[in-house]
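The values are calculated or read from the model by the stated rules, or taken from the named source; none is laboratory data. Every value quoted in this text rests on a predicted model; they were computed, and no experiment measured them. Reconstructed Cβ throughout: ideal geometry from the backbone, glycine too, with neighbour counts over all protein chains shown.
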Ligand SMILES: [Cu+2]
């Protein structure tokens, strides 16, 4: 048994020179992360140099050099993950967290990855997108025996090409991924100056089905997920991405949910520079502001952060920027509910409220009683009021004076005078309105809550 050190900010990889010969024959220790802090890795202490990625609300796994082989140790185990302040989930993950730590290495590295199974059932780890010998591909039952409970298996292969990859179980896959088992696998170019960017962010899209008031995801869910996360975090728990004006930024996104996510960045134009198949040639790129990341895909987008401000960065499916809600909420826009609620209470003593008369925006600022361990459906505050967001949403902050290499949140943007949309106080010409629009409240058809919406 190796002792498991508590992993805090800053890597604690042991240099090969510090490890005795006897220790090198043993399995390397498996560091664990205690929380959901974004831990910006230090420059690598040994091996080939590279520019580390910053895993959003995550960390990179330290390694040990053993006679020229980079050794990592993953432990598959039950974990507690804070989804956002106010909600934790009981998930399965690796080395103390879900997602597991990011594995970073360099093209040409010889890798040895130990996987210890502390789950209540067998597992196997597939190295998604990496080109390796068939027997190292990690498909339980097909390319290897499953890793039994309590056992450690070892994978050994060479990182043959640089790019953005991931790891996840290929054993009881639907259950184990629905429980949060996944991690990023980044192979850096052999020459650290190749494809160099100033900031290199990475995260995985993961979805859970956690009933309001509970802690453990349902694992037999096929499409009806209700917690939409980036690295098992939802807004406002997802850390801010920052850049200094003029810096070149890469953001790597991998999708291990069961639906596609159109990832949208405000204020900038980017190109898809890489997929899990490799780097996209310059001649094959085109400008975008949204890129759809399909199930099982990875996309690395690149752009110059040339516009100072606080820019929304989110999935464009509007129900993915919300937290858990009941599907059976009727649409009552245009319906005067003041008397309705009274009448409803006569019929249904438990009746409290339905969706608002003018939309759902009022819920962004509403203090509704929530079950324990449940986040508001729409939440977060900005400098101008409630943001009415949840799920797959965060802010990309570009500042002229953000120090290089500094990932701290600079606070809210100070807009130059006269550049914020504001109320018009002059004359407004009378607008023509559609005939009968003012009677809409009397004529609107209220659709009964139907079946579930499909994603
Ligand atoms: Cu989405």
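A few comments on the model shown:
- In region 250-273, the residues that are part of a loop (DSSP other than H, G, I, E, B) reach residues that are away from the ligand (no atom under 15 Å from the Cβ) and modelled with pLDDT under 95 with C-beta atoms within less than 9 angstrom, at least six apart or across chains, in these pairs: 256/177; 257/177; 258/174; 258/177; 258/178; 258/221; 258/222.
- Options 243, 202; residue that is assigned to a strand (DSSP E or B) and over 24 Å from residue 128 (Cα atoms): 243
- Single condition residue 321 does not satisfy, out of (1) within 30 Å of residue 416 (Cβ to Cβ); (2) at pLDDT 95 or above; (3) within 13 Å of the ligand (Cβ to nearest atom): (2)
- Scanning region 305-318 for residues that are assigned to a loop (DSSP other than H, G, I, E, B) and within 8 Å of the ligand (Cβ to nearest atom) yields a count of 2.
- Every residue from region 50-93 that is closer than 24 Å to residue 210 by Cβ, touching a residue at least 60 places away in the same chain (Cβ under 8 Å) and part of a loop (DSSP other than H, G, I, E, B): 56, 57, 58, 85, 86
- Of the set (1) modelled with pLDDT under 85; (2) within 16 Å of the ligand (Cβ to nearest atom), all apply to residue 389 but (1).
- All positions within region 274-287 that are in contact (Cβ under 8 Å) with a residue 12 or more places away in the chain and either within 27 Å of residue 168 (Cα to Cα) or within 16 Å of the ligand (Cβ to nearest atom) (or both): 274, 275, 276, 277, 278, 279
- Condition met for residue 324 (under 20 Å from the mean Cα position of the chain (by Cα) and exposed (fewer than 15 other Cβ atoms within 10 Å of the Cβ)): no
Every residue, every condition in (1) in contact with a strand residue (DSSP E or B) (Cβ under 7 Å, 6 or more places away or on another chain); (2) in contact (Cβ under 8 Å) with a residue 12 or more places away in the chain; (3) surrounded by 18 or more Cβ atoms within 10 Å (Cβ to Cβ), yes or no:
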| residue | (1), (2), (3) |
| --- | --- |
| 201 | yes, yes, yes |
| 216 | yes, yes, no |
| 222 | no, yes, no |
| 231 | yes, yes, yes |
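- Scope region 292-304; condition surrounded by 19 or more Cβ atoms within 10 Å (Cβ to Cβ), within 16 Å of the ligand (Cβ to nearest atom) and not in a loop (DSSP other than H, G, I, E, B); matching residues: 293, 298, 299, 301
- Pick from region 257-266, criterion buried (at least 23 other Cβ atoms within 10 Å of the Cβ) and at pLDDT 95 or above, ranking: farthest from the ligand (Cβ to nearest atom): 263
Conditions (1) under 22 Å from residue 81 (Cβ atoms); (2) within 14 Å of the ligand (Cβ to nearest atom); (3) buried (at least 20 other Cβ atoms within 10 Å of the Cβ); (4) under 11 Å from the mean Cα position of the chain (by Cα), marked per residue:
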residue: 209; (1), (2), (3), (4): yes, no, no, no
residue: 212; (1), (2), (3), (4): yes, no, no, no
residue: 252; (1), (2), (3), (4): yes, no, yes, yes
residue: 269; (1), (2), (3), (4): no, no, no, no
